[in-house]
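FYI, it's all coordinate maths here, none of it is from the lab. Note that this is a predicted model, so its numbers are computed, not measured. Glycine also receives a Cβ, built like all others from the backbone with ideal geometry; neighbour counts cover every protein chain displayed.
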Number of protein chains: 2
Amino acid sequence: MNRFETNLRIPGPTSLPSAVREAGARQMINHRGPEFAAMQERIVGGLRTFFGTANDIVLLSSAGTGGLEAAIVNTLSPGDKVFAVSIGSFGDRFAKIASTYGADVTRLDVPWGHAADAAAVVDALRAGGPWKAVLLTHNETSTGVMNPIDELAAAVREEAPDALILVDGVSGVGAVPFRQDDWGLDVVISGSQKSWMSAPGIAFASMSDRAWEAGRTARMPRFYFDLAKHRESQASGQTPWTPAVAVVFQLDVALGLMAAEGPEAIFARHAACAAATRAGLDALGFSLYADPAHASQTVTCVNLPDDLDWKAFNAELKRRKLVVAGGQGQLTGKVFRVGHLGTVTLDEIIACLGVVEEGLLAIGRTITPGAGVAAGQRAGVESLGLTARSTVGA
Amino acid sequence: MNRFETNLRIPGPTSLPSAVREAGARQMINHRGPEFAAMQERIVGGLRTFFGTANDIVLLSSAGTGGLEAAIVNTLSPGDKVFAVSIGSFGDRFAKIASTYGADVTRLDVPWGHAADAAAVVDALRAGGPWKAVLLTHNETSTGVMNPIDELAAAVREEAPDALILVDGVSGVGAVPFRQDDWGLDVVISGSQKSWMSAPGIAFASMSDRAWEAGRTARMPRFYFDLAKHRESQASGQTPWTPAVAVVFQLDVALGLMAAEGPEAIFARHAACAAATRAGLDALGFSLYADPAHASQTVTCVNLPDDLDWKAFNAELKRRKLVVAGGQGQLTGKVFRVGHLGTVTLDEIIACLGVVEEGLLAIGRTITPGAGVAAGQRAGVESLGLTARSTVGA
């Protein structure tokens, strides 16, 4: 946004508000003292609002992937039949963790770019089972698709009521309405560097009573990621192992900012940024990878035209301090991704679109300057419900 | 050290130098870009000096305990015979991780407060085996004892040459001379919040060729802590999962400071601070928990006299901004611990002793004011080799 600050448009880590950054510079404290205990309690309280739960939410010092591992090993035993719905790289990863620890995993592989369909999930569930757990991805970061997690969960509850529903919510929860308890989700995982505007290093695990109960007999080995140990420590204001204290400082500030802004405003902001990103890129001639009906509110995955030199284009973006993400897994070299979650605002997206226009022009593509930013701005303000009293210059 | 900054004398997290703190406030970057790659490479290079190794050292986003788990699950299979030498809480933890993942663990429990004896280890090794691995603690944080790790490793190598030697080096490496390669240690683990003057959140795992080779057939399940995946990512400047970027920023600065100071000066500083702590507390009538021959250079464990009201005493310390650690496990309520590792300097230890004197006086103990600080100062400067040309006022 200026010559010295990157417009970091990757889907995490996300840019940090100044107050959050500064909290990362605090001096260390005793992680077994009252100040830490109070912080942890405030953070869990703040998270509950966005998870839509009354659960104890446990803080793990790890990346989100550690949280996914925790979800698996704290609820399952080797040999358990697990149904994994994968819509991309992170769905594949979740399934892989389960099989690594000895679960008997059956996969439903949804074509990338699409969300899972509740009816298809039901059909596939019926073909096997009984299922001990179903793995779902809320927001698939690799493809820019957001699953209709409420519909999927309802279908699973109907068809396989005893199956635990384990949800990778890493890159979505906090940015869009989410109601873990109402939707009957047994484990939901997220991570500090996504919607939570903090540095990476802390994962969150929110477990239902049913999941805690399953944990009592779950035999997959676990030590570092033992959630029961974490819950027990948390009851006395601590963590079982030394926590990533500086990230906890940041989360405390970030959740304060989120509470001040309010969930509805946060969700509206994300919706507007997502709409602007999609409209702006579309206006510049890009096609979007995701099924529009299930396009993610936190990350947009953009097809790279065959005749566009990605390296040259990306170099032009980077020269102008815009950092986007490349493709992952089978999409490497085929797409790029624009993150719009966390502290993102509409003007940052417009700035991003402006640099995309510059980059396209710099590598000799034919576009109409202003088309992307104008389309983005129109979609963004429309999403925000801002309408002009009289239209000037249209 | 002033009314607004705590003298944080717990054995980790340790106080951060200002430049390190400030690095924690940096804006996020793309963790899959060249800036991160360069940082990771510098950090690994800096760590190698202090580990005394030419190994690839892998960065894990976790507490040190996660590193201990990585050491176990990346080298062993369920049923493997493991010999665990425990001299305290952290030795117990290391053994527990191994048994949790299905190792057949035989323990040598050394009476707390003492180091392990090489001859006793040899005798115990002879009574069983063949051993797939031996677990050793370098510095036992719970008791303030530093094992003669070189002697122990030599004995293990002699008696059980095929056994992998896995070392918990979390709270010692970086503060004292350490030569992983010369001593034939197969895995050494440490953590960012100890000698490394950074916030918690990153663990280090240094694996020998023999350990990597063992990893190829090791069948304990692992995903998040899969070291081979980390090594592979690291070869291209990345990490397999999103790393704790802000801690990496801090480590980069901290290792720069450590390189500038130089290993010999760092080790001398730690030795002086340890000597001062012990001498000062001894002069104030405290008895020390650890066998003096193996007292730790990074943490001192102090017996609480039966007639000393710990809560009242500790409240007086805290009022004066001195934070020490209580006892762990079976030592809860029986000892307190003073950390002297990382950025610690002799004057901070003297300040700490001064507050201990004040605290003792405040709760009505009979001491000679100045006795602790003077004894600490004498021991510290003697350790540093600073001698007066002529003694004035003695």
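Of note:
- Counting Lys and Arg as +1 and Asp and Glu as -1 over every other residue whose Cβ lies under 14 Å from the Cβ of residue A:61, the net charge comes to -2.
- Inter-chain shielding of B:70-78 (mean C-beta neighbours from other protein chains, 10 Å cut-off): 1
- Computed about the Cα centre, the dipole magnitude for the range B:18-259 is approximately 640 debye when only Lys and Arg (+1) and Asp and Glu (-1) carry charge, each at its Cβ.
- For the protein assembly as shown, the share of DSSP beta bridges that are antiparallel, to the nearest 5, is 50%.
- The long axis of helix A:89-100 is offset from the longest Cα principal axis of chain A by roughly 20 degrees.
- The mean number of Cβ atoms from other chains found within 10 Å of a Cβ in peptide B:52-65 is 3, as a whole number.
- Cβ-derived FRET efficiency at R0 51 Å, residue B:310 paired with residue A:264, nearest 0.05: 0.55
- Folded to 0 to 90 degrees: helix A:346-362 orientation relative to chain A principal axis, Cα: 60
- The protein assembly as shown shape via C-alpha gyration tensor axes, a/c threshold 1.5: prolate
- Nitroxide proxy distance, nm - points 7 Å out along Cα→Cβ at residue A:374 and residue A:54: 5.4
- Within a straight-line Cα-Cα reach of under 15 Å, residue A:334 can be paired with the following aspartates and glutamates, leaving aside sequence neighbours fewer than 8 residues apart in one chain: A:306, A:307, A:309.
- Note: relative contact order over chain A, using C-alpha pairs below 8 Å and six or more positions apart, is 23 percent.
- Each copy carries a label point for residue B:119 at 7 Å from Cα along the beta-carbon vector; from one copy to the others these points are 8.1 nm apart, nearest first.
- Positive minus negative residues near residue B:74 (Lys, Arg vs Asp, Glu; Cβ under 15 Å): -3
- Taken along the Cα-to-beta-carbon direction at a fixed 7 Å, the label points for residue A:382 and residue A:35 span 5.1 nm.
- Helix axis angle, B:64-73 relative to chain B longest principal axis, alpha carbon, degrees: 30
- Annotation: the antiparallel percentage among DSSP beta bridges lying fully within chain B is about 50.
- Computed from backbone phi with θ = phi - 60° and the Karplus coefficients 6.51, -1.76 and 1.60, the 3J(HN,Hα) list for the range A:222-239 is 7, 9, 4, 9, 5, 6, 5, 4, 5, 5, 5, 4, 4, 4, 9, x, 10, 10 Hz; x is used for glycine and proline.
- Summary for residue B:150: label point 7 Å along Cα→Cβ; distances to the equivalent points in the other copies, ascending, 6.7 nm.
- Of the GluC sites (Glu not before Pro) found in the range A:110-185, not one falls in a DSSP loop while having at most 15 other beta-carbon atoms within 10 Å.
- For the peptides B:62-74, B:302-314, A:336-348, A:312-324, the ranking by packing is B:62-74, A:336-348, A:312-324, B:302-314, with the highest mean count of neighbouring Cβ atoms within 10 Å listed first.
- For residue B:81, the residues whose amide H sits under 5 Å from its own are B:104, B:132, ignoring neighbours fewer than 5 places away on the same chain, with H placed 1.01 Å from N.
- Pairs beyond 18 Å (Cα-Cα), from A:194/A:311; B:96/B:132; A:96/A:132; A:81/B:96: A:194/A:311; A:81/B:96
- Across the identical copies, how the residue A:210 labels are spaced - nm, sorted shortest first, 7 Å along Cα→Cβ: 5.1
- Peptides A:166-178, A:204-216, ordered by how many other C-beta atoms sit within 10 Å of their residues on average, highest first, read A:166-178, A:204-216.
- Of the chymotrypsin sites (Phe, Trp or Tyr not before Pro) in the range A:3-86, those whose Cβ has at most 14 other Cβ within 10 Å and which sit in DSSP loop: A:4
- Förster radius 25 Å - calculated FRET efficiency between residue A:291 and residue A:162, Cβ distance, rounded to 0.05: 0.20
- Other residues whose C-beta falls under 12 angstrom from the C-beta of residue B:35 contribute a net charge of +2, scoring Lys and Arg +1 and Asp and Glu -1.
- When you filter the trypsin sites (Lys or Arg not before Pro) in the range B:1-93 for DSSP loop state and at most 12 other Cβ atoms inside 10 Å of their Cβ, you are left with B:3.
- Prolate/oblate/rounded call for the range B:13-59, Cα gyration tensor, a/c under 1.5 rounded: oblate
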